[in-house]
Each structure stands twice: as C-alpha cells, then as structure tokens.
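Remarks on the structure that follows.
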Amino acid sequence: MARVWAKWAYVFNKYRESEAHILSAKVAERNAGLTKTLIAQLAKDADTMEARIKQMAEMEEKGFWECENGHETTETSSELNPDKSIPMCSECGKPAKLVKRSEMSGQEKYEADKDKKEAERLLAARRSEIAAQQTELENQVATGKYFRGQAQSSRTLAENLQKV
C-alpha cells in the first residue's frame with residue numbers, strides 16, 4: 001500500500017509541476033505580448049518624431065507662420081486683422097510671425113539648432129529603448145519556451161511512471 005501511495009503521490013507531483021510550468025510559460029508569453037505592443041507603440045512614436053524633425057527642417061527652409069498659441073501654418077488670415085498689417089493665425093486669430101531660416105537672427109538659429117539636437121537626442125533615446133525592449137522580448141519568448149519544455153518533461157516523466 002505504501003508503494004502504491006508513493007507512486008501515486010510522485011506521479012501527482014509531476015503532473016502538478018507540469019501545470020505550474022505551463023502557468024509560468026503563459027505568464028512569460030503574456031509579458032512577451034505586452035512587450036510587443038509596447039515596442040510597436042514606441043516605434044510608432046519614434047517614427048512620428050523622426051518625421052516631425054524632418055518636417056520642421058523643411059518648414060524652416062521654406063518658411064511658415066507661427067502664432068502665439070503655437071499653431072503652424074503656411075498661410076495667414078488678413079480678414080481677422082482690421083489694419084491688415086499684422087498677419088493673423090487662421091486657426092485662432094492671434095498674431096503670427098514668419099519663421100524662416102534665411103531670415104532668422106544668429107540667436108534664433110542657435111535656438112532652432114538646439115531644439116533640433118534635443119529632438120534628435122530624444123529620438124536616439126527612444127530608438128535605444130526600443131532595442132532594449134526587443135532584447136527583453138527575446139528573453140521573454142525564450143523563458144516561455146523553457147517553461148513549456150520543462151512542463152513537457154514533467155508530463156513525460158509522470159506518464160512513464162504510470163507505466164512502471
């Protein structure tokens with residue numbers, strides 16, 4: 001009777017261990033899914049940042065109007081201004097000023113270049129964060145595979161013990 005009980009208890013423990021490994025694998029796979037979603041969002045944000053940096057460089061060369069509220073446009077509305085001498089923002093009606101690289105003072109160029117370098121630094125940081133998350137994703141996928149293998153090993157041992 002002790003032998004039967006010992007065999008049953010050992011087989012039961014191996015099946016329990018197998019299920020615990022499966023749960024661990026599911027957690028790792030869930031985390032990998034969340035990391036994939038995060039990577040996609042970070043990549044989208046980085047692509048948007050990169051496009052904005054390029055867009056701003058082009059806009060500075062061609063020239064654009066920027067109002068007090070930060071709206072950027074290539075056109076202004078003179079209907080909102082009674083004396084028509086001050087350009088007005090077509091979105092909010094606030095006064096707008098022309099921003100054009102060729103017409104900037106040295107200080108304005110310095111500030112624009114400083115802002116561009118800061119944006120490029122943030123973009124590089126975002127790209128390195130994406131690379132770190134991709135490494136983490138690979139680790140999570142490997143962890144899930146490892147636990148699935150351990151679960152299969154425990155289950156195989158339990159099945160073989162039942163045959164003995």
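Read-outs: derived from the displayed coordinates by stated rules, not from any lab. Computed from a predicted model, the values in this text were never measured in an experiment. No Cβ is skipped: glycine too gets one built from the backbone with ideal geometry, and neighbour counts run over all protein chains shown.
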| remark: Spelling it out for SER90: with amide H atoms placed in the peptide plane at 1.01 Å from N, the residues 5 or more places away or on another chain with amide H under 5 Å from its amide H are SER77
| Which order, highest average first, do 99-109, 30-40 follow once you tally other Cβ atoms within 10 Å for each residue and take the mean per peptide? | 30-40, 99-109
| remark: So the angle from the long Cα axis of helix 106-163 to the longest Cα principal axis of the chain, reported in degrees to the nearest 10, equals 10
| query | Ordered by residue, what ³J(HN,Hα) values in Hz, to whole numbers, does the stretch 27-40 give under the Karplus form 6.51 cos²θ - 1.76 cosθ + 1.60, where θ = phi - 60° and Gly and Pro are x? | reply | 5, 4, 5, 5, 4, 5, x, 5, 5, 4, 4, 4, 4, 4
| task | Return the FRET efficiency for the residue pair VAL4, ASN139: r is the Cβ-Cβ distance, R0 is 35 Å, and the value is rounded to the nearest 0.05. | result | 0.25
| Among ALA132, VAL4, MET59, which residue has its Cα positioned farthest towards the positive end of the charge dipole of the chain, with +1 placed on the Cβ of Lys and Arg, -1 on the Cβ of Asp and Glu, and the dipole taken about the Cα centre? | VAL4
| remark: Mean Cβ-within-10 Å packing, highest first, puts peptides 53-61, 150-158 in the order 150-158, 53-61
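Which FRET efficiency, nearest 0.05, do ALA43 and GLU72 yield, Cβ-Cβ r, R0 22 Å?
Approximately 0.30, to the nearest 0.05.
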| remark: Here the FRET efficiency for ALA20 versus GLU50, based on Cβ atoms and R0 = 41 Å and rounded to 0.05, is 0.35
| How large is the dipole of the chain about the Cα centre if only Lys and Arg carry +1 and Asp and Glu carry -1, each at its Cβ, rounded to the nearest 20 debye? | 1760
| Selection from ALA112, THR73, MET49, by position along the positive dipole direction of the chain (Cβ) | MET49
| Per the helix-only calculation at 222 nm, which mean residue ellipticity applies to the chain, given -39500 (n - 2.57) for every DSSP H run of n ≥ 4 and division by its residues, nearest 500 deg cm²/dmol? | -27500 deg cm²/dmol
| field | With 10 Å bins from 0: P(r) over the chain, alpha-carbon pairs, percent | value | 10, 20, 17, 13, 11, 9, 8, 6, 4, 1, 0
| query | Mind listing the phi-derived Karplus ³J(HN,Hα) values for the stretch 41-53, rounded to whole Hz, using 6.51, -1.76 and 1.60 with θ = phi - 60°, and x for any glycine or proline? | reply | 5, 5, 5, 4, 4, 5, 5, 5, 4, 5, 5, 5, 4
| request: Please give the contour-minus-distance gain from LYS163 to GLU129: 0.36 nm per residue of separation, less the Cα-Cα distance, rounded to one decimal in nm. | output: 7.1 nm
